[in-house]
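Worksheet: the structure to be examined is printed underneath.
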Amino acid sequence: KAVVSTQSGHYGRDSDEFDEEEENKLVYMEIYNSYITKIEGYISKRLKDLHPSFQMDLLLSMIQSRRDEVDPELFDTLASFADFVLFKETMLNYKSQRDNEMGEFPTLVVTSMACGLPRS
């Protein structure tokens, strides 16, 4: 739950910086790096709470060298945290969903709806 809370807080705070343009802005990488630092920090802290000698670098190298021994769903989940394209898509989806919930419909939808209305 705390990882989801950390993600949601990051999405809510930074999603307005993202747009649908093909070219990625420099600020995207700054936001992404901040996100990765927070997620890794959270995971590392929780694992250190359970095992004080835990080292993130060692875990990552073990996962890479023993990929065939790691549960595929767990591997995909961990890998998704470090996927920039997925991160950008998630930010855009979060922004779109938030805007729709607030009543800000995309222009295309509003225009399509208006075309079907009878004129007075």
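Laboratory data are not the source of any read-out in this text; all were calculated from the coordinates shown. Remember, it's a predicted structure, so these values are computed and weren't measured experimentally.
Roughly how far apart, in whole Å, are the Cα centres of segment 31-58 and segment 65-94?
Computed from Cα coordinates, the inter-centre distance equals 15 Å.
Apply the Karplus curve 6.51 cos²θ - 1.76 cosθ + 1.60, θ = phi - 60°, to the phi angles in segment 59-69 and return the couplings in whole Hz, x for Gly and Pro.
Once θ is set to phi - 60°, the couplings for segment 59-69 become 4, 4, 5, 5, 4, 5, 6, 10, 3, 5, 9 Hz.
Return the sequence-ordered ³J(HN,Hα) values of segment 70-84 in whole Hz as given by the Karplus equation 6.51 cos²θ - 1.76 cosθ + 1.60 applied to θ = phi - 60°, using x for Gly and Pro.
Per residue, the Karplus-derived 3J(HN,Hα) values read 8, 3, x, 5, 5, 4, 4, 4, 5, 5, 5, 5, 9, 9, 4 Hz.
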